[in-house]
Amino acid sequence: MNLKRSIINHSIDIAKEVIKHYGVHLPPFAYLTTDEWLAAGPDYDEIRDCMLGWDVTDFGSKDFYNIGRVLFTARNGRPNNPLYPKQYAEKWLIDPENQRAPAHFHLSKREDIICRAGGNILVQLTKADPDGNPSSETFTTQVDGCVRRLGPGEIVRLHPGESLTIHPRTIHQFWGEEGTGWEIDGVGYTLSSEISSVCDDLNDNVFLVDYGLRFPEIEEDEARRYYLCHEYPKAESRIIAE
Ligand SMILES: [Fe+2]
């Protein structure tokens, strides 16, 4: 089943509620209406071109509540594009308990996962071998600047305030620990963030189980209330110029 627009709308409503509950403030473009986006001129190009903003996806899994993500990208650059030279990125993740992205690693991105508020985040790590398969080797990473030695598939529990570093070619999955987050309708929510080198979602991700899509196929069962980061309308001035 494709991801329904009603589920996307509802997920962002909940994300805003969770973020507010934890006392965090997102930038103003998180709260623009669809009409305001239609009127937004070229001053907003960086948001559109760097695909900042809301990112709700099932990765093509058709199983959003287990394999999916609700993210807000606050900043990013575009590799090899001189218009957008930022070499860093920041994403906020609203984690309903047990929902996770498919296991994957990055070819070049290095990321810190930070448990910001709520319950705990469980992070499972395995080194990738030269062929991109799970390796049986032990390895080290850093948990808040301290060395942590890990075996393949080991899970690290991050409490609020704690973080760890995921180096390139490290297979990872993380999710909110069941029973620890702030509950809405019986589901616990944890807030985490990712601070990383520049994020190139279209070229730098290697999925162990590849559902084929980074962004979802959407069933339009109700009106869109938010533009996702890959859906923004072009600025009026650009349409005229083309
Ligand atoms: Fe990742």
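Quick note: the coordinates plus some simple rules give every number you see, no bench work behind them. Fair warning: this is a prediction, and the values are worked out from it, not measured in the lab. Ideal geometry is used to build each Cβ from the backbone, glycine not excepted, and the neighbour counts take in all protein chains shown.
For the stretch 87-109, the candidate set comprises residues that are away from the ligand (no atom under 14 Å from the Cβ) and surrounded by fewer than 18 Cβ atoms within 10 Å (Cβ to Cβ); within that set, the residue that is farthest from Ser196 (Cα to Cα) is Asn98. Among the conditions (1) out of contact with any Leu (no Cβ under 7 Å at 6 or more places or on another chain); (2) over 21 Å from Ile171 (Cα atoms); (3) of a type outside the set (A, V, I, L, M), His106 misses just one, which is (2).
Only one of the numbered conditions (1) within 22 Å of Cys115 (Cα to Cα); (2) part of a strand (DSSP E or B) is not met by Glu178, and that is (2). Of all the residues in the stretch 61-76, those that are touching a strand residue (DSSP E or B) at 6+ places or on another chain (Cβ under 9 Å) and part of a loop (DSSP other than H, G, I, E, B) number 7. In the stretch 110-158, what residues are crowded, with 17+ Cβ neighbours inside 10 Å and outside any strand (DSSP E or B)? Matches in the stretch 110-158: Gly118, Gly119, Asn120, Ser135.
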